[in-house]
Structure formats: C-alpha cells, structure tokens
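Structure, as structure tokens:
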Amino acid sequence: GLSISQADKVCKSFEVEKGFSSDGSTWSTIQAAKKKRLMRRTEGIVASVFPTEQSWDSTKVTNIEKGDGTYMEAAASGGGTDFNGGCNSYIRGVNTGHAEGKPGIESTTTIWNRGSFGSVQRQPFITGSSFWDPQRTGSRDYNSELCTSAYGVQDLVGNMMEFSSERFFCDFSGENLYLGNGTYKQRGDEGSSIPIGNGASYIGGNGYDAWPSSTSDTGRCSSIEKGGQRASAGIQHLVSSDFNNIFDVFGVLNTDLIKESNTLDQKSVGFIRNGDGWFLDFGQANLGPSVSYNDTWALTYTGPVVSRSELNGGDPRFGNYFSPVAGVPLVCPNSVCDQSGDNKTIHWESKRTADGLPETAFVIPNFPIGNSQILNDGMSEITGGVRRTTNGTSLWTETGIIDSISPPSGSTTITVNGTDPPGTDIKRYWWRFNRAMDQFWMNFGSSKFQGTGRYSLYARGLGEIDQKRQLDTTARCVVKLDE
C-alpha cells in the first residue's frame, strides 16, 4: 500500500557510508553517508540479466520468465525429483492457501492474502524463497530459485512490479472531456455537448455518453518538460555542439535544459539521453510512440492489450525499433535519430512480423524480449461505467448527478437515493490518466501482470490513492556510491 512518493521517502530514510575497517572495530570513512533511492529502470534491466552460460539460451530464459513449469529443474534435496523454480508470473497462478492474519498459521513462502482458502490469488512469494518449505504440501512448486539474475538478485523479474525513479511529464492541454447524447460524441461535436472537467456522474438511462476530445498533436510526454515540444520550449540541449550539462559545477539544476524537475531522482534523466543530446520523450516527432492510446508501447498484441484497445480499436503498437537500454519501443521519426543510428538497428520478432519487414532490415531483427510485455495508459482514454443502481432498499445517497444537459455548458443535477424505485443506473466516467499526476513506471512484471519479463513495464498516471491500491507493486532501494 505505498505510493511512489512514499516509497521514495522510505528509501531515502536509509543511508550507506563507504569506508573500511582494518581491525574489525575501528571504522575509517572514505565517503560520507549517502541516501538510498528508488532503483532506475535502466539499472534494473542490467541487474536482471540472466546467467550467460551456454545452457541459458533465449528459450530457457523465456520459459523461466513464464514460470509455467515448461522448464523444470532437478531437485538438489528431498521433496521430489524435480520442481518449478521459474519466476512467479501470472501464468503460474500461485494458490496461497491461507487468509491473511489467520491465527495459528505458520508463515510460508508466499505473502498472505485477504482471499478465501483455496482460491487462486496469484500472490507474490517472499523474496528469496528457497526450494523446500516444510510448511507447504508440494512446496517445490512454491519457490523461484531459478528466477535469479547473473548478479544473484532473486525475483527482480516477476513476483511484484517495482516502482522506478524515472518520471515523465505530459501535456494535457489538447484534451477535454465532454458529455453528450448518443449522437454527439466525437471531435467536432463539442458545441452539442457539455464539458465535464476530469469526470462526472450522470443518469445512465437518459442516453448520454462521456467522450474525450483530443487534438491531433496530443500524446506527448517527456523526461525534462511537459509534453516534449522540444524546440518550442526553448531548450538548449547543446552548447557549441557539445551536450549541455544537467547540473552546473555547483550542483545546481540547469533550467535552460531541464524545464520540469524529477524530485525523486534528477540524475536518472542522464541515463535516458539520446546521442543527439535530447532526452527520452514520447509523441509526434519524438523518440518514442505517442501516449494518446492505451498500449502504444506494447510488445505483443495479446492478452490485456487486446481488451484495452478502446479508442484505437485495433493493434495499438506504434514502435518501429527497440531500445534495450531503456527497454521501450522507439519510432525515430524524421531526423530524430540521425545522430543515433543505433536506435534504428534493433527490432523484436512479433512486431517485425506484424509490420511485414524482413530480417535483413535490421542488424538485430529478432531481439530476445522473452516473455516481456509493456502496457501504458493512454492520455486520451477514459474509464468508468455503472457505479450504482437503485434497488429500492439500499441506504445510500449521491448528490450532483447530471440528469439533463443543455449544450454548450448547461446541465441540471439531482440527488439519487438507493431507496428510490429499482433500476436507475448512475454512470461515472473519468480520465484513465490522472491529470494531476506525472507518468511513473512499474517494472519487470508481477504474479498478477500478464507478460512477466525482464523488459516488462506498466507506465501509468494514477493518483496517490490509486497507487496505494496496487497490491502487486513494491519498491527496491539502491545506492550508487560513486555517482
């Protein structure tokens, strides 16, 4: 139940000091104590690399990321002749077995849940869970020994998504939310609808629909400014053909370059900087795909990507290339990647095939993304539905419910009670991407995320309360002493 800002505060409450002890009791400091912070996505991608021995080919890595038992490991000790030590993924469908807080129950390798006994909750493991858990029947299926990186980090892939310190700032100025009748609900119908700000509740049986009006230039997000307009923001990314510095010699942020500050980890932007001096940004004429629709960054057109294709209505994937450094698709329009030709050399197989492109079009045409999937919430997408229905007996009351509209701005509202005659639906729709939030990243998949893998990502714009409701999200604290 932590938001990303709370997770950041937890991390920064810990400090690491660099030094040595020659006699086991006397400590000599080399570098003053430094606060921990949230791990960056770029760091996690490196830390999660699987072992590189010959036996760990891309097929084995994918099977272990799936955690579906396709790859089984021989048991080193009692409990059976083999076991599923893969990552704790959605496919694995772990059954926790005990309700949280039930008295008399000994702790097990999985985190307890609030569900009923025996239900498949897809709960996370306690990180570092080993092969044999004497408290579990068939416990060789409740571990993730093989889901350990070449650096010895277990459960970085899958188990729980992890907040990273990257932040992206989006421009919502080209978008408005309206309420119109069933005939008027597309761009050009603004005069026949009423604006409803960030959302509204209305009587569902009166023929009204909430709909978004977005300009053709929307869907822009950037790591250093709101919207990624680049030249129009007056940003000096180069000084005499050299990279402009993020900080001056006194450590003060260079506001000629950085227009929006990442208070979690400003130095993170330096690791997502392009070869021409610009920083990772999304939208028209930028490095990455537009963020207008849901899942424009998706790696495969499967699972939730299909069901979430609302405004776009089909395969939403825009990426033409793949960046293994940032772990996101790129589009490289016009001359954006001219100074960074390597951005155009890598593709992944499922998208390359969907694009109808030959392997000869890329230096690396079938980059091994494993079981990874990327979801992103679209800035123009709305969400909601029927929130309440009167049944004549329920004791609830809602005020300010829109009953009728008088375009372009008028409306009448009523109060609805649960004790009213049955059958009145109250609908509510709002922006999927919270207008008061920056885009933050949840990384590497989880036991509840469909598409667990090293490059998995869920890019979201949830408010603080909704962030705390993400039961499969946590944080990993790190420190880089010599940075």
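The values are calculated or read from the model by the stated rules, or taken from the named source; none is laboratory data. The model shown is predicted, which means the values in this text are computed figures rather than measured ones. With ideal geometry, Cβ positions are generated from the backbone for all residues, glycine too; neighbour counts draw on all protein chains shown.
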Flag for Pro368 being surrounded by 13 or more Cβ atoms within 10 Å (Cβ to Cβ), over 22 Å from Phe282 (Cα atoms) and touching a residue at least 40 places away in the same chain (Cβ under 8 Å):
yes
Checked Leu481, Leu471 against criteria (in a loop (DSSP other than H, G, I, E, B) and exposed (fewer than 14 other Cβ atoms within 10 Å of the Cβ)); the one match is Leu481
* **Residue check, Asn286 in contact with a Ser or Thr (Cβ under 9 Å, 6 or more places away or on another chain), more than 30 Å from Gln6 (Cβ to Cβ) and outside any loop (DSSP other than H, G, I, E, B)** => no
Within the range 228-248, of all residues that are within 18 Å of Ser268 (Cα to Cα) and free of Cβ contacts under 8 Å to residues at least 40 places away in the same chain, the one farthest from the chain's Cα centre (by Cα) is Asp248
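Yes or no, residue by residue, for (1) outside any loop (DSSP other than H, G, I, E, B); (2) closer than 14 Å to Leu287 by Cα; (3) charged (D, E, K, R):
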residue: Phe322; (1), (2), (3): yes, yes, no
residue: Cys332; (1), (2), (3): no, yes, no
residue: Asn343; (1), (2), (3): yes, yes, no
residue: Ser350; (1), (2), (3): yes, no, no
residue: Leu357; (1), (2), (3): no, no, no
residue: Thr383; (1), (2), (3): yes, no, no
residue: Arg387; (1), (2), (3): yes, no, yes
residue: Glu398; (1), (2), (3): yes, no, yes
Exactly one of Ser447, Ser404 is in contact with a helix residue (DSSP H, G or I) (Cβ under 8 Å, 6 or more places away or on another chain), of a type in the set (Gly, Ala, Ser) and either surrounded by 13 or more Cβ atoms within 10 Å (Cβ to Cβ) or free of Cβ contacts under 8 Å to residues at least 60 places away in the same chain (or both), and that one is Ser404
Output for Cβ contacts, cut-off 7 Å, separation at least six or different chains, first residue at positive phi in the range 182-209, second part of a strand (DSSP E or B) and surrounded by 13 or more Cβ atoms within 10 Å (Cβ to Cβ), reads Gly197/Leu177; Gly199/Leu177; Gly199/Arg428; Gly199/Tyr429; Gly199/Trp430; Gly199/Trp431; Gly207/Asn181
Point to revise | So Asp265, is it closer than 26 Å to Arg476 by Cα, modelled with pLDDT of 95 or more, acidic (Asp, Glu) and crowded, with 24+ Cβ neighbours inside 10 Å | key: no
Q) Would a scan of the range 12-20 turn up a residue that is free of Cβ contacts under 8 Å to residues at least 60 places away in the same chain, surrounded by 13 or more Cβ atoms within 10 Å (Cβ to Cβ) and under 27 Å from Cys87 (Cβ atoms)? A) no
Over the range 151-178, the set of residues over 28 Å from Leu471 (Cα atoms), in contact with a Ser or Thr (Cβ under 6 Å, 6 or more places away or on another chain) and in contact (Cβ under 8 Å) with a residue 60 or more places away in the chain is Glu175
Restricted to the range 414-440 and to residues being touching a helix residue (DSSP H, G or I) at 6+ places or on another chain (Cβ under 6 Å) and either in a loop (DSSP other than H, G, I, E, B) or charged (D, E, K, R) (or both), the residue nearest to Val291 (Cα to Cα) is Lys427
Given the condition of a type outside the set (D, E, K, R), buried (at least 16 other Cβ atoms within 10 Å of the Cβ), part of a loop (DSSP other than H, G, I, E, B) and touching a Cys at 6+ places or on another chain (Cβ under 8 Å), answer yes or no: does some residue in the range 274-282 qualify?
yes
Note to self: I'd like to check something: does the range 2-16 contain any residue that is part of a strand (DSSP E or B), closer than 30 Å to Ile369 by Cα and modelled with pLDDT of 95 or more?
What the structure shows: no
Taking the range 204-219 and keeping residues surrounded by fewer than 17 Cβ atoms within 10 Å (Cβ to Cβ) and either β-branched (Val, Ile, Thr) or in a loop (DSSP other than H, G, I, E, B) (or both) leaves Gly207, Thr215, Ser216, Asp217
By residue number, the members of the range 220-244 that are at pLDDT 95 or above and either exposed (fewer than 14 other Cβ atoms within 10 Å of the Cβ) or in contact with a Pro (Cβ under 9 Å, 6 or more places away or on another chain) (or both) are none
Next item on the list: Return yes or no: is Ser411 in contact (Cβ under 8 Å) with a residue 40 or more places away in the chain, among the polar types (S, T, N, Q), in contact with an Asp or Glu (Cβ under 9 Å, 6 or more places away or on another chain) and not in a strand (DSSP E or B)?
Entry: no
Note on Phe271: of the conditions (1) of a type in the set (Phe, Trp, Tyr); (2) in contact (Cβ under 8 Å) with a residue 60 or more places away in the chain; (3) assigned to a loop (DSSP other than H, G, I, E, B), unmet is (3)
Within the range 450-468, residues part of a helix (DSSP H, G or I) and surrounded by 16 or more Cβ atoms within 10 Å (Cβ to Cβ) come out as Gln467
